[in-house]
1. For a quick check, take a GNM of chain A with Cα springs below 10 Å and name the residue from A:Ala60, A:Ala197, A:Ala97 with the largest mean-square fluctuation.
2. From the phi of every residue in the stretch B:68-84, what ³J(HN,Hα) in whole Hz does the Karplus formula 6.51 cos²θ - 1.76 cosθ + 1.60 yield, where θ is phi - 60° and glycine or proline is x?
3. For the ranges B:111-123, A:151-163, what's the packing order if you count other beta-carbon atoms within 10 Å of each residue, average per peptide, and put the highest first?
4. What relative contact order, as a whole-number percentage, does the stretch B:160-223 give when Cα pairs under 8 Å and 6 or more residues apart are counted?
5. Considering only DSSP beta bridges where both residues belong to chain B, give the percentage that are antiparallel (nearest 5).
6. Name the long-range amide H neighbours of A:Asp88: under 5 Å, sequence gap of 5 or more, or other chain; modelled H, no Pro or chain starts.
7. Anyone know which of B:Ser95, B:Ser204, B:Ser56 comes out most mobile in the 10 Å Cα GNM of chain B?
8. Testing the spin-label approximation: label points 7 Å from Cα along Cα→Cβ at B:Gln110 and A:Lys160. State their distance in nm.
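Every number here is computed from the coordinates shown, using simple stated rules; none is lab data. For clarity, every value in this text was computed on a predicted model and none was experimentally measured. Positions of Cβ are generated from backbone atoms using ideal geometry, with glycine treated the same way; all protein chains shown enter the neighbour counts.
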2 protein chains.
Amino acid sequence: MDISNYRHDDRILLAVDCIIFGFDGKELRALIIKRGFEPEAGKWSLMGGFVNEGESVDRAASRVLYELTGLTNIYMEQLYCFGDVSRDTAGRVVSIAYYALINIADYSEQLQRDHEAKWYSLHEIPSLIFDHTEMLHKAQLRLREKVANQPIGFELLAEKFTLPQLQNLYEAIYQGPIDKRNFTRKILSLGILKKLAEKEKTSSRKGAFYYVFERDKYSQLEHEGMKFI
Amino acid sequence: MDISNYRHDDRILLAVDCIIFGFDGKELRALIIKRGFEPEAGKWSLMGGFVNEGESVDRAASRVLYELTGLTNIYMEQLYCFGDVSRDTAGRVVSIAYYALINIADYSEQLQRDHEAKWYSLHEIPSLIFDHTEMLHKAQLRLREKVANQPIGFELLAEKFTLPQLQNLYEAIYQGPIDKRNFTRKILSLGILKKLAEKEKTSSRKGAFYYVFERDKYSQLEHEGMKFI
DNA sequence: CCAAAAGTGTTTCTATTACACCCATGT
DNA sequence: ACATGGGTGTAATAGAAACACTTTTGG
């Protein structure tokens with residue numbers, strides 16, 4: 001490659017930061033780590049890392065997510081590029097933020113200990129370094145918009161889930177109660193959930209039927225114009 | 001500043017590219033330039049430039065827009081970060097794309113000649129270098145979403161505009177006809193347009209009343225939840 | 001007087017909201 | 001038998017879509 005035509009001596013580092021969302025059945029949480037290096041070592045931070053020369057920015061984000069969680073094939077979306085001059089106190093670092101949705105149960109406690117990571121409820125997030133609080137806030141807004149129009153909420157649940165679980169998730173994301181009957185009707189009317197014969201029995205005596213999200217049914221439909229809530 | 005803790009020798013250049021939209025009264029257009037340097041000199045391209053060490057990414061985008069158009073205080077929004085390894089054939093350049101909305105009449109013909117720039121109708125865009133076609137496409141989608149929920153369409157029109165002009169704009173953005181009565185009712189019901197006594201008389205014998213967008217009225221309202229179409 | 005674009009209401013339909021009782025089961 | 005959470009239908013309301021004629025005026 002020849003970049004000789006690009007005369008540009010400025011040194012800007014490029015990083016990615018990941019907002020990782022999980023759902024514990026009642027609350028929406030984000031995975032926050034204790035930063036392990038200076039500056040700001042020991043403070044709460046999003047998981048991040050530098051983009052390497054031979055890897056795409058998307059790839060870097062996936063790698064950073066993998067380093068923290070050991071997970072691959074995770075729903076992940078680019079959020080925004082944060083490019084203020086002094087956002088990182090140690091140098092000129094431009095960061096591309098991504099948010100990921102994972103099933104909280106898939107995250108191993110071992111890794112959690114290794115990285116001094118913690119799932120914080122979105123209401124109890126401590127103060128984060130740099131502009132990470134802003135990133136998290138923006139991710140929350142994006143998630144709220146996105147989840148209304150695309151079937152990404154399922155990414156936060158297990159393969160099998162019950163309608164009450166799904167409703168709890170939406171209530172957590174929207175931070176408000178949703179009418180059970182209206183919710184059930186709407187979500188089932190989309191025709192993308194398959195009801196299983198099996199019931200979830202731990203959270204009630206009656207038990208709630210499990211459902212699975214049928215990705216292929218969804219793909220057949222127009223991706224546009226589908227309202228999930 | 002001390003970046004010694006950030007051991008990172010990779011050389012990634014950071015650029016911005018601008019999708020500049022204008023509206024000619026009938027069609028939505030984008031401002032495309034003949035690239036003046038290698039690689040790909042002489043080919044059609046978006047206007048772009050590198051981010052300098054002492055300037056924010058947003059600032060770089062505004063500067064690049066200014067260099068091409070001489071305009072400041074323009075509506076501009078970050079679109080997406082394009083970070084594939086080989087997107088630029090001459091080196092590793094990550095680009096943050098922005099889109100801007102300008103009143104096409106504010107763009108001087110002199111500058112247009114200086115930069116070998118051209119307003120292309122979105123249906124007649126030539127093949128662009130690198131991933132610029134993808135950028136433009138993404139900007140179009142974003143504009144469509146955005147214009148439905150925020151009052152940014154006005155940025156593409158003159159200070160004073162008529163309802164038929166505004167409707168033409170929305171029809172161009174959505175690429176389909178809109179019912180005149182429904183459109184008028186909806187847009188006026190928002191209470192953010194002020195009708196002037198003056199009429200625009202060039203495009204019809206009867207003449208159409210001018211309106212102005214009242215920014216302050218809009219600011220008073222909730223920015224969220226307002227549907228424009 | 002006529003061509004051309006502006007302006008204006010009503011009805012239909014669809015989607016959203018509000019709302020309360022019975023069901024199944026483990027203890 | 002009862003406490004707990006799961007499941008279900010209908011009526012009222014609001015928002016979106018469909019639709020056609022009259023007005024103005026320069027030529």
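1. For chain A, modelled as a Gaussian network with Cα springs under 10 Å, the answer is A:Ala197.
2. 7, 10, x, 9, 10, 6, 9, 5, 8, 9, 5, 9, 5, 9, 9, x, 5
3. A:151-163, B:111-123
4. For the stretch B:160-223, the relative contact order is 37 percent.
5. Approximately 75 percent, going by the DSSP bridge assignments.
6. Hits under the 5 Å cutoff: A:Val93.
7. Fluctuation is largest for B:Ser204.
8. 7.4 nm
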